[in-house]
Every structure is written in C-alpha cells, then in structure tokens.
1. Filter the stretch 35-57 down to the residues that are surrounded by 11 or more Cβ atoms within 10 Å (Cβ to Cβ) and either more than 17 Å from residue 9 (Cα to Cα) or out of contact with any helix residue (DSSP H, G or I) (no Cβ under 7 Å at 6 or more places or on another chain) (or both) and list them by number.
2. Take the stretch 4-21 and flag every residue that is assigned to a strand (DSSP E or B) and under 22 Å from residue 82 (Cα atoms).
3. Starting from the stretch 3-21, take each residue that is touching a residue at least 40 places away in the same chain (Cβ under 8 Å) and list its partners that are surrounded by 10 or more Cβ atoms within 10 Å (Cβ to Cβ) and in a loop (DSSP other than H, G, I, E, B), counting only C-beta distances under 8 angstrom and pairs at least six apart or across chains.
4. Considering only residues that are surrounded by 10 or more Cβ atoms within 10 Å (Cβ to Cβ) and part of a loop (DSSP other than H, G, I, E, B), which ones fall in the stretch 70-80?
5. Only residues that are assigned to a loop (DSSP other than H, G, I, E, B), in contact with a strand residue (DSSP E or B) (Cβ under 9 Å, 6 or more places away or on another chain), free of Cβ contacts under 8 Å to residues at least 40 places away in the same chain and under 20 Å from residue 73 (Cα atoms): list them for the stretch 22-61, please.
6. Since residue 67 meets every condition but one in (1) at pLDDT 95 or above; (2) surrounded by 12 or more Cβ atoms within 10 Å (Cβ to Cβ); (3) outside any strand (DSSP E or B), which condition does it not meet?
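The values are calculated or read from the model by the stated rules, or taken from the named source; none is laboratory data. Bear in mind that the values here come from a model prediction, so they are computed numbers and not experimental data. Neighbour counts are summed over all protein chains in view; Cβ atoms, including those assigned to glycine, are modelled from backbone coordinates with ideal geometry.
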C-alpha cells in the first residue's frame, strides 16, 4: 500500500508513541503531534460594548484559547484545506 505522505500526517519523527489529546469538536482521541492546533484571542466582553469601551480608552482583556482538532473536524470547519497531490508533496504547510 503506497504512503500518501512521507510523515504519515504526523510530526513526531522517530520519538515512538506520543500522548493523546481530545478533539474539541467531536471528542475523538488524536495523537498530540497529529492534531491541528488553533490558537486565537477571544474577548469576554460583548463586541458592541467592547467598541464603545475602546473609544473611551479602556483596555479590554482578550483570553487566548487553544483548541485541538482531529483532521476530519479541521477540514470540516475549514481550518485546513484539502490539497492536491502535487501540493501535498511540497514542504510548505498551510496550517
């Protein structure tokens, strides 16, 4: 059976087994090096209220949220895109 990717879709090298994390969308257990990690700042305050407060010069704290997705959920939520065979072979990652 031919391999689709040289790394088999993982980032571990020759480390052996890696720990697992749970997908935030579907709850599946995914190896930590295979999971797609998305980090983004999230404001606790309502957007309209935040705009008014920033006009007045207030600083609004944004919490940084990190989510782990399995491959199928990351594709479904358009975090990563399906790439053609030629694009897959290149070293550049679209994450």
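1. Scanning the stretch 35-57 gives 35, 37, 38, 43, 45, 49, 50, 51, 52, 53, 54.
2. Listed by number, the list is empty, since nothing qualifies.
3. The qualifying pairs are 9/34; 21/32; 21/35.
4. Result: 70, 77, 79, 80.
5. Answer for the stretch 22-61, where residues must be assigned to a loop (DSSP other than H, G, I, E, B), in contact with a strand residue (DSSP E or B) (Cβ under 9 Å, 6 or more places away or on another chain), free of Cβ contacts under 8 Å to residues at least 40 places away in the same chain and under 20 Å from residue 73 (Cα atoms): 32, 35.
6. For residue 67, the exception is condition (3).
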